[in-house]
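Chemist: After the structure tokens below, expect a handful of questions from me.
The values are calculated or read from the model by the stated rules, or taken from the named source; none is laboratory data. Being a predicted model, the structure only gives us computed values, none of them experimental. With ideal geometry, Cβ positions are generated from the backbone for all residues, glycine too; neighbour counts draw on all protein chains shown.
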Amino acid sequence: MEFTAVIANLGKHAAGIVAETPLSFPTTTEQVQAALRAIGVDGVRYEEVIVKDYSIGIDGIAPLLGEYAHIDELNYLACRLERLSPEELTKFIAAVRHGDYCNGVQDLINLSYPCNLEQYTLLPEVQTYEDYGRYLVDSRRDFSLPKEARFYFDYAEYGETTAINENGDLTPQGYIFHHRSATFQEIYDGKEIPREYKVFQYPPRVKVKRLNPKHGRDSPRHKRQ
């Protein structure tokens, strides 16, 4: 899955100077340093980075990340998404579209953990409110409907009313709702990023060898014999 951020030198950006480069995630410290070097962020004269754009294979995520997302946080999120199974990723995408617990990169990281994804029910086969109404009747979740009454029953209205009451949503991935009795778990507190996801480091400074005054151009060693 594509996860790329276009990072820019904030100081130069504020001065109207274009200094930006793409950085793909998950990433490494070496790749981050190469990107920082490319935009002139050395940790001395220029220290801050801004994200100009995102290209992510999940609709709706980019606006939640913002311009000032930290590279370590982006790497944390990208690594979490990479670990999801196809079924988990589908549910994650639907949950993002649903909109609960999606107020920024911290929420997205927490949403990616099984303890939170399991709080959602996703029904891929349900694409309309009528589908949902029929699913509810067939599964007898709320009540048992006699066969002779099914011909006259308004499945669409029943499905839509139930969806409104349980705050569910129809998404391209299917119908999804969050179980109200479940408590969203805060695995990541927005401050302490696990060590394995930390990749941000400024490029190493290049030491410039200065000419020893004792061996300058006028010293005997530099004079022509």
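Chemist: Of everything in segment 1-36, what is among the polar types (S, T, N, Q) and either exposed (fewer than 13 other Cβ atoms within 10 Å of the Cβ) or assigned to a helix (DSSP H, G or I) (or both)? Give them in sequence order.
Modeler: 28, 29, 31, 33, listed by residue number.
Chemist: Any idea which residue in segment 46-81 is farthest from residue 95 (Cα to Cα), counting only those that are in a loop (DSSP other than H, G, I, E, B) and hydroxyl-bearing (Ser, Thr, Tyr)?
Modeler: 46
Chemist: I'm checking my understanding of the structure. Among residues of segment 136-170 that are within 22 Å of residue 91 (Cα to Cα) and among the small types (Gly, Ala, Ser), which one is surrounded by the most Cβ atoms within 10 Å (Cβ to Cβ)?
Modeler: Here the residue is 159.
Chemist: Cβ-Cβ distance below 6 Å, separation of 6 or more or different chains: which pairs start in segment 45-57 with a residue that is in contact (Cβ under 8 Å) with a residue 40 or more places away in the chain and end on one that is assigned to a strand (DSSP E or B) and hydroxyl-bearing (Ser, Thr, Tyr)?
Modeler: 55/4
Chemist: Give the residue that is farthest from residue 61 (Cα to Cα), with candidates limited to residues of segment 1-34 that are among the hydroxyl-bearing types (Ser, Thr, Tyr) and either touching a Pro at 6+ places or on another chain (Cβ under 9 Å) or touching a residue at least 60 places away in the same chain (Cβ under 8 Å) (or both).
Modeler: Top of the filtered list is 29.
Chemist: Let me ask something else about it. Which pairs do you get when a residue that is of a type in the set (Ser, Thr, Tyr), found in segment 131-150, comes within reach of a residue that is modelled with pLDDT of 80 or more, reach meaning Cβ atoms under 7 angstrom, with the pair 6+ apart or on two chains?
Modeler: Going by the 7 Å Cβ cut-off, the qualifying pairs are 132/126; 132/159; 132/162; 132/163; 132/175; 135/123; 135/126.
Chemist: Pairs needed: first member in segment 172-200, over 30 Å from residue 32 (Cβ atoms) and surrounded by 10 or more Cβ atoms within 10 Å (Cβ to Cβ); second member anywhere, among the small types (Gly, Ala, Ser) and at pLDDT 95 or above; C-beta distance under 7 Å; at least 6 residues apart or different chains.
Modeler: What qualifies is 173/94; 174/94; 175/168; 176/94; 176/95; 176/168; 177/168.
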